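S.K.: Next up is a structure, given as structure tokens.
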Amino acid sequence: PWAQPLMEIRAYFGEQVALYFAWLGYYGYSLTTPTIVLTAAGIYEFVTGQSADDEGWWKPVQVSLAFFLVAWSALYKDGWDVEQQWCATKWGMLDFEEEEADRPQFVGDADEPRRLSPITNQNETYYPAEKRARTQFFNSIIVALLALLILVIFALIFELEYKLLDVLPASLAGYVLPLLIAILIQWFSRLYNPIAYYLNESENYQTQTNYDNNLVLKVFAFEIMNNYSSLALTAFFKGWYWGCISGDDNCLSDLKRLTGVIFGVRFALALWGIVGGGCVSRSYKAFLKLVLPEADTNEDNDGENPMHDDVEEGDRLKALEHPAFVDEAELEEYEGLFDDYAEIARPRRPVVRRRLPVIGMRRLRERWAWVVASSMLSSAQVLQMGLVS
């Protein structure tokens with residue numbers, strides 16, 4: 001991660017993509033510190049025979065590790081601020097927002113679509129700020145109600161968990177509902193993303209930066225409830241209101257089980273997207289070649305240049321009939337880096353992006369917020385366990 005050809009990436013793909021790889025490299029390099037510390041703590045636990053459930057020494061170490069993660073995330077954020085400023089200065093992208101052009105999707109007010117700008121004294125597309133603020137207010141209520149609905153649904157699932165104990169063994173019932181929660185988290189994210197885009201588009205932002213910032217805010221507000229409410233309910237309220245399935249006092253085993261199932265489902269889906277999806281696609285193409293040989297393209301040239309002298313005349317004519325740019329036009333549309341950032345920071349969804357590293361800088365605010373939220377939740381859970389015990 002510390003030796004990436006960022007200048008070459010910038011020259012070919014642009015600043016936006018180059019900044020993404022700069023951040024990805026910095027993030028990977030920064031993870032070495034917590035990896036070493038937490039691995040050492042795990043080895044010590046294994047060697048000494050200590051357990052996270054034991055009383056005494058290991059509890060203070062857990063709290064120390066939680067605070068270490070919070071401190072590391074703060075240092076990580078400050079370090080990236082320096083790194084991104086270096087990239088922006090070297091690439092000439094400082095203060096880009098001051099010269100940013102209007103979004104193509106930005107439309108003027110129906111009553112006064114154009115007006116004379118008091119700053120530039122030029123006619124510009126105009127949309128009243130009070131109309132946008134009114135739309136933002138109603139959209140915020142919608143997002144808050146959806147987040148509250150998620151909380152209610154997960155609470156009902158916890159209620160259902162104890163009904164299952166009457167018909168299923170406790171060992172099985174303890175995994176059925178966490179699996180349902182893990183699946184619902186992914187499903188709710190997919191359902192909400194189109195809603196977030198629609199709400200954000202209805203606010204009619206003038207610049208891409210403002211559009212991106214408010215889209216992140218809407219997605220973050222929902223996703224923090226979607227991804228963490230079940231864990232927070234288990235850590236702080238399940239033992240007090242419903243009681244722990246595992247029978248302990250602080251629901252630590254229930255929390256471990258739920259976290260493990262959520263991680264397993266996400267990992268399985270990510271693995272399927274990387275490996276399974278590609279295998280299915282290649283198998284489908286191979287099947288088409290087998291049953292429809294005439295549908296084959298110049299992929300059979302094995303990388304040879306169809307215009308080379310030693311290529312058959314028929315292959316050359318075939319390449320002219322089906323040039324390379326046709327294959328490129330038939331590729332799946334790449335809709336930007338939002339999905340790439342989101343895969344690391346939170347579950348999915350792309351949005352069209354075309355310009356400049358500002359989007360990356362804004363998206364890193366979301367990454368920082370998720371790191372802090374995760375670390376604070378971890379430390380709060382550890383503190384709560386210590387207080388209960």
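S.K.: I'd like the full set of residues that are part of a helix (DSSP H, G or I) and either closer than 18 Å to Lys163 by Cα or not aliphatic (A, V, I, L, M) (or both), limited to segment 237-257. Steps first, please.
M.R.: Taking segment 237-257 as the starting set, the residues that turn out to be part of a helix (DSSP H, G or I) are 237-242, 252-257.
Once the filter is applied, which keeps residues that are part of a helix (DSSP H, G or I) and either closer than 18 Å to Lys163 by Cα or not aliphatic (A, V, I, L, M) (or both), segment 237-257 yields Phe237, Lys238, Gly239, Trp240, Tyr241, Trp242, Ser253, Asp254, Lys256, Arg257.
S.K.: Okay, next question. Starting from residues that are polar (S, T, N, Q) and open to solvent by 60 Å² or more (accessible area, probe 1.4 Å), keep the ones in segment 76-99 and report whichever is nearest to Gly25 (Cα to Cα).
M.R.: Residue satisfying both the conditions and the ranking: Gln85.
S.K.: Output the number of the condition that Phe222 fails; it satisfies all remaining conditions of (1) modelled with pLDDT under 90; (2) touching a helix residue (DSSP H, G or I) at 6+ places or on another chain (Cβ under 7 Å).
M.R.: (1)
S.K.: Considering (1) more than 25 Å from the chain's Cα centre (by Cα); (2) part of a helix (DSSP H, G or I); (3) modelled with pLDDT under 90, say which one Phe138 fails and leave the rest.
M.R.: That leaves (3) as the condition not met.
S.K.: Considering every residue within segment 100-113, establish whether at least one is over 30 Å from Tyr205 (Cβ atoms), open to solvent by 60 Å² or more (accessible area, probe 1.4 Å) and either assigned to a loop (DSSP other than H, G, I, E, B) or at pLDDT below 85 (or both).
M.R.: The answer is no, given that none of the residues of segment 100-113 is over 30 Å from Tyr205 (Cβ atoms), open to solvent by 60 Å² or more (accessible area, probe 1.4 Å) and either assigned to a loop (DSSP other than H, G, I, E, B) or at pLDDT below 85 (or both).
S.K.: Something else: Looking for something in contact with a helix residue (DSSP H, G or I) (Cβ under 8 Å, 6 or more places away or on another chain), farther than 22 Å from Glu100 by Cβ, crowded, with 18+ Cβ neighbours inside 10 Å and at pLDDT below 90 - is there at least one such residue anywhere in segment 190-200?
M.R.: Within segment 190-200, one or more residues are in contact with a helix residue (DSSP H, G or I) (Cβ under 8 Å, 6 or more places away or on another chain), farther than 22 Å from Glu100 by Cβ, crowded, with 18+ Cβ neighbours inside 10 Å and at pLDDT below 90.
S.K.: I'd like the residue in segment 114-130 that is within 34 Å of the chain's Cα centre (by Cα) and open to solvent by 60 Å² or more (accessible area, probe 1.4 Å) and, out of all such residues, is nearest to Thr209 (Cα to Cα).
M.R.: Filtering first and then ranking leaves Ala129.
S.K.: Next question, about the same structure. Pull out all pairs, ordered by first then second residue, where Cβ-Cβ is under 9 Å, the residues are six or more apart or on different chains, the first lies in segment 94-106 and is in contact (Cβ under 8 Å) with a residue 60 or more places away in the chain, and the second is open to solvent by 90 Å² or more (accessible area, probe 1.4 Å) and of a type in the set (Lys, Arg).
M.R.: Hits for this filter: zero, empty list.
S.K.: Considering only residues that are open to solvent by less than 40 Å² (accessible area, probe 1.4 Å) and of a type in the set (Phe, Trp, Tyr), look in segment 58-75 and name the one that is nearest to Leu24 (Cα to Cα).
M.R.: Looking at residues that are open to solvent by less than 40 Å² (accessible area, probe 1.4 Å) and of a type in the set (Phe, Trp, Tyr), I get Trp72.
S.K.: Within segment 208-219, can one find any residue that is among the hydroxyl-bearing types (Ser, Thr, Tyr), assigned to a helix (DSSP H, G or I) and open to solvent by 40 Å² or more (accessible area, probe 1.4 Å)?
M.R.: Looking for residues that are among the hydroxyl-bearing types (Ser, Thr, Tyr), assigned to a helix (DSSP H, G or I) and open to solvent by 40 Å² or more (accessible area, probe 1.4 Å), one finds none in segment 208-219, hence no.
S.K.: Of the conditions (1) modelled with pLDDT of 90 or more; (2) more than 30 Å from Asp254 (Cα to Cα); (3) open to solvent by less than 60 Å² (accessible area, probe 1.4 Å), Glu8 fails just one. Which one is it?
M.R.: For Glu8, the exception is condition (3).
S.K.: Given Tyr175, Tyr162, which one is closer than 19 Å to Phe263 by Cβ and either open to solvent by 10 Å² or more (accessible area, probe 1.4 Å) or modelled with pLDDT of 85 or more (or both)?
M.R.: Criteria check complete, one pass: Tyr175.
S.K.: Give all pairs with beta carbons closer than 8 Å in which a residue from segment 141-154 that is at negative phi meets a residue that is in a helix (DSSP H, G or I) and of a type in the set (Asp, Glu); count only pairs at least 6 apart in sequence or on separate chains.
M.R.: Filtered contacts from segment 141-154: no entries.
The values are calculated or read from the model by the stated rules, or taken from the named source; none is laboratory data. In this text the structure is predicted, and so the values were computed from the model without any measurement. Neighbour counts are summed over all protein chains in view; Cβ atoms, including those assigned to glycine, are modelled from backbone coordinates with ideal geometry. For the accessible areas, the whole protein counts, side chains as well, though only heavy atoms, and no ligand, DNA or RNA atoms are used. Shrake-Rupley method; radii C 1.70, N 1.55, O 1.52, S 1.80 Å.
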